[in-house]
Structures are given as C-alpha cells and as structure tokens.
1. Just for the range 64-79: of the residues that are at pLDDT 85 or above and within 11 Å of the ligand (Cβ to nearest atom), which one is surrounded by the most Cβ atoms within 10 Å (Cβ to Cβ)?
2. Quick one: residue 130 ticks every box in (1) within 27 Å of residue 153 (Cα to Cα); (2) surrounded by 22 or more Cβ atoms within 10 Å (Cβ to Cβ); (3) under 11 Å from the mean Cα position of the chain (by Cα) bar one, so which box is it?
3. Does the range 25-48 hold any residues that are within 20 Å of residue 115 (Cα to Cα) and assigned to a helix (DSSP H, G or I), and which are they?
4. Which number in (1) under 30 Å from residue 190 (Cβ atoms); (2) within 14 Å of the ligand (Cβ to nearest atom); (3) crowded, with 20+ Cβ neighbours inside 10 Å marks the one condition that residue 59 misses?
5. State yes or no: is residue 163 under 23 Å from residue 37 (Cα atoms) and either touching a strand residue (DSSP E or B) at 6+ places or on another chain (Cβ under 8 Å) or more than 9 Å from the ligand (Cβ to nearest atom) (or both)?
6. Of the numbered conditions (1) more than 17 Å from the chain's Cα centre (by Cα); (2) over 27 Å from residue 40 (Cβ atoms); (3) surrounded by 20 or more Cβ atoms within 10 Å (Cβ to Cβ), residue 158 fails exactly one; give the number of that condition.
7. Since residue 114 meets every condition but one in (1) free of Cβ contacts under 8 Å to residues at least 24 places away in the same chain; (2) over 26 Å from residue 8 (Cα atoms), which condition does it not meet?
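The values are calculated or read from the model by the stated rules, or taken from the named source; none is laboratory data. Treat the numbers as computed from the prediction; the structure is a model and nothing was measured. Neighbour counts are summed over all protein chains in view; Cβ atoms, including those assigned to glycine, are modelled from backbone coordinates with ideal geometry.
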Ligand SMILES: C[S@@+](CC[C@H](N)C(=O)[O-])C[C@H]1O[C@@H](n2cnc3c(N)ncnc32)[C@H](O)[C@@H]1O
C-alpha cells in the first residue's frame, strides 16, 4: 500500500472528511515518509506515538511500516475515542500485522521507557505537558522526532517549548510541513 491508497481509504471511510485524522493530508505525507524510513534502520525499531485520539495517525504509521518488524507503541491517556469513531480501530483490529501495534492507555509523561527509533508527539499540547513528554522520552530516542501543531496559534505552548528546545541545542529543524515539524536530535537531555 502506498501513501495515496492510505489517504484514499481514510478520506472515503465512514468518517469522511478527515474524521479519523487530526493531521492534514500534506502533513500526513511527512509523517508517512519518516515512518517508512524506520523500516531501514537497524534491527529493533520502535516508533512511539503520543496522542492517538481516533487512531487515524496510528493507522497511517502502521501502513507506512507494513511488511516490516517495526513496532509501534501508541499511547493515549483516554480510551473513549475508540467507541465514538470505530473505523480506524476496526481496521487495526483486523490488521494482519496487529502484533506489531501496542495500544496503551496511560499517561505518556509517566509510562515505561523503551528505546525509540522515532518519536511522534501529538498528545498534551500545554507547555508543561509537551516539556514532560520530550524530557521523559528524549534520552531513549535514537532517530527523528516529529511534533504536531508547532506554530499553530492555538497551541502556543507547543511552539514555545520546541523553540526553547532548539535554542538549548537539543535539536535542529529538518523540515516543516503545515504545523508538523521534523526534528533531528543533537544531544541527550542534561538534567
Ligand atoms: C490531537 S489528539 C491526537 C491526534 C492523533 N495523533 C491523530 O493525528 O489522529 C491528542 C490526544 O492526546 C491525548 N493526550 C493528552 N494528554 C496526554 C497524556 N498526558 N498522555 C497520553 N495522551 C494524552 C488526548 O487524549 C488526545 O486523544
């Protein structure tokens, strides 16, 4: 399956109009590209998605890494959305490689750490929440970090924290599409 198939499937689903995705098509393509690259990196690859909501982005990550051993851990503090918008959850439930997908309901700031080959941050959008997510997972990351809603005027805390993180030399911007930013890790977090 390629990206266009993936988008067509979801835009034409029962939740047409982007019901499953919170990210826009051009942003989804960026996420797709980075997820796909993890298929080529090393042996033990894990993508962590923080913020699942209706699971549209999780399905995209699964499709982008299809036919690989890439593990995807998806965490959300609430589980309720799966009962409101079932398309993506139905797809995941029927997915032939569902053993690669680890769906968790817990607080991303406090979850057990695992080594990561990619981090996708789209959970708590408050300044302190984003900061906790980055700090909690940062030293376990060996790969790109993607974060949604950077420069979105309604998510001032996301932008402010990431700008500080850049200023402190932890990352540099690789590219930005819409409000989805891809960051290159430069160093571990120093307490
Ligand atoms: C914008 S939505 C995620 C959208 C999803 N990535 C997509 O593109 O389809 C943000 C989600 O983050 C979750 N969230 C907020 N704070 C969290 C936390 N501390 N730990 C885990 N999830 C959290 C919310 O429950 C919500 O479902």
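1. Within the range 64-79, the subset at pLDDT 85 or above is 64-78.
Filter once more, keeping what is within 11 Å of the ligand (Cβ to nearest atom): 74-78.
Values: 74: 22, 75: 20, 76: 24, 77: 17, 78: 9.
Restricting to residues being at pLDDT 85 or above and within 11 Å of the ligand (Cβ to nearest atom), the top hit is 76.
2. (3)
3. Restricting attention to the range 25-48, the residues satisfying the condition of being within 20 Å of residue 115 (Cα to Cα) are 31, 34-48.
Of everything in the range 25-48, those that are within 20 Å of residue 115 (Cα to Cα) and assigned to a helix (DSSP H, G or I) turn out to be 31, 34, 35, 36, 37, 38, 39, 40.
4. Going through the list (1) under 30 Å from residue 190 (Cβ atoms); (2) within 14 Å of the ligand (Cβ to nearest atom); (3) crowded, with 20+ Cβ neighbours inside 10 Å, residue 59 breaks only (1).
5. On the way: under 23 Å from residue 37 (Cα atoms): no; either touching a strand residue (DSSP E or B) at 6+ places or on another chain (Cβ under 8 Å) or more than 9 Å from the ligand (Cβ to nearest atom) (or both): yes.
So residue 163 does not fit the description; no.
6. Only one criterion in (1) more than 17 Å from the chain's Cα centre (by Cα); (2) over 27 Å from residue 40 (Cβ atoms); (3) surrounded by 20 or more Cβ atoms within 10 Å (Cβ to Cβ) is unmet by residue 158, namely (1).
7. (1)
Results for (1) within 12 Å of the ligand (Cβ to nearest atom); (2) at pLDDT below 95; (3) exposed (fewer than 15 other Cβ atoms within 10 Å of the Cβ), shown as yes or no for each residue.
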| site | (1), (2), (3) |
| --- | --- |
| 2 | no, yes, yes |
| 26 | no, yes, yes |
| 37 | no, yes, no |
| 42 | no, yes, yes |
| 81 | yes, yes, no |
| 86 | no, yes, no |
| 91 | no, yes, no |
| 104 | yes, no, no |
| 116 | no, no, no |
